[in-house]
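Engineer: Here it is, the structure, as structure tokens.
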Amino acid sequence: MKLLSHIGRYLQMLGGMFARPENMRVYGKEFFHQCNEIGIGSMWIVIIISLFLGAVTTVQTAYQLVSPLVAKYVIAQIIRDSSFLELSPTIVCIVLAGVVGSKIASELGNMRVSEQIDALEIMGINSKTFLIMPKILAAFIVIPSLVILSMFLTVWGGYMAGTMTGIITDAQFHQGLIKDFLTFNIVFGIIKAFTFAFIITSISAYFGYNVQGGSLEIGRASTTSVIVSCVLILFADYGLAALLLTK
Amino acid sequence: MIKVNNISKSFGDKKVLQDVSCEFQSGKVNLIIGTSGSGKTVFMKCLIGLYAADAGEILYSGVNFGQMDDKDRKDIRQQIGMLFQGSALFDSMTVEQNIMFPLDMFTKQSITDKRKRVNEVLARVNLVDANKKYPSEISGGMKKRVALARAIVLNPKYLFCDEPNSGLDPQTSLVIDKLITEITKENNITTVVNTHDMNTVLESGDHIVYLHQGLKEWEGNNKDIIHSTNQRLNDFIFASQFMKDAKAKQMEEEMKKRV
């Protein structure tokens, strides 16, 4: 029953978000502000995670491929495909659910508790449109961009770790990268990034926007939003894989 | 003018407001007073449309607020200024940006005109050289003044103040009360103030509505309140010995004058 009430209120919030902006220029400014907050604010963590994901995957794949019958370039293929299909979209978005999601939930929660949302409503501004819509739109631009950046950095991290430790040669790595390359894998990763971007921002906005109480509740909303976002990301991850990758 | 006709509001089984009717005139400071839990905040939230009343009607200059469509409601809200208990300033914006926000949103003025208007209202609330400061860098009294400046920047017809003196020292409270009264008279605004502060009641109460357990118990002004025979109101207003003594002294002086 509580779950149904949450789903209903979540859908109501999304529905209430679609209203004509009072002033496009102010909304545009807010959109770019959110792009900066979500994108630049999370870029360094994405860069670090991606480089190490690639490096660790290379070392661990090489450790497991002990058969002399398996060519070395397979290591590069595994890094490429696992990065495009899973590591970059899913792991990066789970991290972003923590970084961006908790920030959105606590920001909106604080605005609710300190009556800033009421202040917007009394001014005649649709608070859902003004506060939530720019965040979701910004995430649609920024999160897929971060995921694309992560895809290339993961491969590069793998390349650096592989060649510097002598696990794989430069030529073998390049051979693996281009062998049986499917553009759809990148497209699939980007589809996942769009889906996860929507989950991260809308779920955290829902929990933040509907906070009731004080600072304790803001903390709870922030934690709940991260947990729910992560679980939904994993559900969506499986759903998209089953839908788009099974023949 | 705001006219309230028989409004009621319940949360579950709990009746918070029961059949409250009153009228708030323009150019007057109208106070809603009552003990904690008497329904003051809910009443104010119903007036400004944050809560929908279960029954009754609220008329803004004769137009029923509850029956307005979204567009008309937005239009009327642009004529409303509100000073919140906790100021409700936007943390991420400077003082200037906070006050300029309604101008950015609803006017097409140039940045120079908007700055001029911001400086005008800041001067009106006696706050200068605070434009570039963030809310976290200013005191509680300054926050209230910035919030008041933001509330009046669009020249509202209606001004609502939710406990404007809470958390302020007595001297700053008087300054805020004086500002609210002056701004109300200067611009002929219909001002509604939700308060606990007895100084405000006695100094600024042009019209007072006393609520008790969701019912309107008494209505009058700051002169009538001294002579009220309503026991609950007297218990509330003259709760402290100091206020009891002040009332006794006032009555004594009035008796002397009559003699």
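Engineer: Considering every residue within region A:140-162, establish whether at least one is within 14 Å of chain B (Cβ to nearest Cβ) and surrounded by fewer than 21 Cβ atoms within 10 Å (Cβ to Cβ). Don't jump to the end; show me each part of the working.
Structural biologist: Residues of region A:140-162 within 14 Å of chain B (Cβ to nearest Cβ): none.
Looking through region A:140-162, none of the residues is within 14 Å of chain B (Cβ to nearest Cβ) and surrounded by fewer than 21 Cβ atoms within 10 Å (Cβ to Cβ).
Engineer: Among the residues in region A:81-94, are any closer than 21 Å to residue A:14 by Cβ and at pLDDT 95 or above? Break it down stepwise before answering.
Structural biologist: Narrowing region A:81-94 to residues closer than 21 Å to residue A:14 by Cβ: A:93.
Narrowing further to those that are at pLDDT 95 or above: A:93.
Yes, region A:81-94 contains a residue that is closer than 21 Å to residue A:14 by Cβ and at pLDDT 95 or above.
Engineer: Picking from B:82, B:68, which residue would you name as being touching a helix residue (DSSP H, G or I) at 6+ places or on another chain (Cβ under 8 Å) and at pLDDT below 90?
Structural biologist: On the way: B:82 fails: at pLDDT below 90.
Only one candidate passes the filter, namely B:68.
Engineer: What do you reckon, is residue A:55 over 23 Å from residue A:188 (Cβ atoms), away from chain B (no Cβ under 14 Å) and in contact (Cβ under 8 Å) with a residue 40 or more places away in the chain?
Structural biologist: Answer is yes for this residue.
Engineer: Quick check: is even one residue across region A:172-191 within 14 Å of another protein chain (Cβ to nearest Cβ) and at pLDDT 95 or above?
Structural biologist: No: region A:172-191 contains no residue that is within 14 Å of another protein chain (Cβ to nearest Cβ) and at pLDDT 95 or above.
Engineer: Quick check on region B:89-102: of everything there that is in contact with a helix residue (DSSP H, G or I) (Cβ under 6 Å, 6 or more places away or on another chain) and more than 10 Å from chain A (Cβ to nearest Cβ), which residue is surrounded by the fewest Cβ atoms within 10 Å (Cβ to Cβ)?
Structural biologist: So the residue we want is B:96.
Engineer: Let me ask you something else. Answer with yes or no whether residue B:58 is facing chain A (nearest Cβ under 9 Å) and in contact with a Phe, Trp or Tyr (Cβ under 6 Å, 6 or more places away or on another chain).
Structural biologist: no
Engineer: Quick check: anything in region B:223-236 surrounded by 19 or more Cβ atoms within 10 Å (Cβ to Cβ), touching a helix residue (DSSP H, G or I) at 6+ places or on another chain (Cβ under 8 Å) and in a strand (DSSP E or B)?
Structural biologist: No, there is no match, as no residue in region B:223-236 is surrounded by 19 or more Cβ atoms within 10 Å (Cβ to Cβ), touching a helix residue (DSSP H, G or I) at 6+ places or on another chain (Cβ under 8 Å) and in a strand (DSSP E or B).
Engineer: For region A:108-126, does any single residue satisfy the condition of being away from chain B (no Cβ under 14 Å), surrounded by fewer than 21 Cβ atoms within 10 Å (Cβ to Cβ) and either within 30 Å of residue B:89 (Cα to Cα) or in contact (Cβ under 8 Å) with a residue 24 or more places away in the chain (or both)?
Structural biologist: no
Engineer: So which of B:6, B:30 ends up being in contact with a strand residue (DSSP E or B) (Cβ under 8 Å, 6 or more places away or on another chain) and under 12 Å from residue B:59 (Cα atoms)?
Structural biologist: B:6
Engineer: Among the residues of region A:79-98, is there at least one that is buried (at least 24 other Cβ atoms within 10 Å of the Cβ), among the β-branched types (Val, Ile, Thr) and closer than 20 Å to residue A:186 by Cα?
Structural biologist: Among the residues of region A:79-98, at least one is buried (at least 24 other Cβ atoms within 10 Å of the Cβ), among the β-branched types (Val, Ile, Thr) and closer than 20 Å to residue A:186 by Cα, which makes the answer yes.
Engineer: Also, I was wondering about something else. Taking the criterion of being farther than 30 Å from residue A:159 by Cβ, within 14 Å of chain B (Cβ to nearest Cβ), in contact (Cβ under 8 Å) with a residue 40 or more places away in the chain and not in a helix (DSSP H, G or I), would at least one residue in region A:21-32 satisfy it?
Structural biologist: Yes, that holds for at least one residue.
Engineer: Could you list all residues from region B:178-216 that are surrounded by fewer than 20 Cβ atoms within 10 Å (Cβ to Cβ) and without any contact (Cβ under 8 Å) to a residue 40 or more places away in the chain?
Structural biologist: B:178, B:182, B:186, B:187, B:199, B:202, B:203
Engineer: Pick out the one residue from B:4, B:29 that is under 23 Å from residue B:239 (Cβ atoms) and in contact (Cβ under 8 Å) with a residue 24 or more places away in the chain.
Structural biologist: After ruling out the rest, the residue left standing is B:29.
Engineer: Answer yes or no as to whether residue B:71 is touching a Leu at 6+ places or on another chain (Cβ under 7 Å) and either buried (at least 16 other Cβ atoms within 10 Å of the Cβ) or over 22 Å from residue B:203 (Cα atoms) (or both).
Structural biologist: The answer is no for residue B:71.
Engineer: Is at least one residue of region A:185-203 of a type outside the set (Lys, Arg), without any contact (Cβ under 8 Å) to a residue 40 or more places away in the chain and assigned to a loop (DSSP other than H, G, I, E, B)?
Structural biologist: Looking for residues that are of a type outside the set (Lys, Arg), without any contact (Cβ under 8 Å) to a residue 40 or more places away in the chain and assigned to a loop (DSSP other than H, G, I, E, B), one finds none in region A:185-203, hence no.
Engineer: OK, next. State whether one or more residues within region B:43-50 are within 14 Å of residue B:211 (Cα to Cα) and in the same structural domain as residue B:184 (by TED's automatic domain parsing).
Structural biologist: yes
Engineer: Now, a different point. Quick one: count up the residues across region B:69-119 that are assigned to a loop (DSSP other than H, G, I, E, B), on the phi < 0 side of the Ramachandran plot and of a type in the set (Ser, Thr, Tyr).
Structural biologist: Result for region B:69-119: 4.
Engineer: For region B:31-54, state whether one or more residues are surrounded by fewer than 22 Cβ atoms within 10 Å (Cβ to Cβ) and over 20 Å from the mean Cα position of the chain (by Cα).
Structural biologist: Taking every residue of region B:31-54 in turn, at least one turns out to be surrounded by fewer than 22 Cβ atoms within 10 Å (Cβ to Cβ) and over 20 Å from the mean Cα position of the chain (by Cα).
Engineer: Test residue A:79 against the criterion of being of a type outside the set (Gly, Ala, Ser) and more than 30 Å from residue B:92 (Cα to Cα), and give yes or no.
Structural biologist: In short, yes.
Engineer: List the helices (runs of 4 or more DSSP H) that sit entirely inside region A:83-171 and contain at least 2 residues that are more than 30 Å from residue B:78 (Cα to Cα).
Structural biologist: A:92-96, A:102-113, A:133-165
Engineer: Identify the single condition in (1) free of Cβ contacts under 8 Å to residues at least 60 places away in the same chain; (2) among the hydroxyl-bearing types (Ser, Thr, Tyr); (3) surrounded by 14 or more Cβ atoms within 10 Å (Cβ to Cβ) that residue A:225 does not satisfy, given that it satisfies every other one.
Structural biologist: It fails just one condition, (1).
The values are calculated or read from the model by the stated rules, or taken from the named source; none is laboratory data. Everything numeric in this text was worked out from a predicted model, so none of it was measured. Positions of Cβ are backbone-derived with ideal geometry, glycine not excepted, and every protein chain shown enters the neighbour counts.
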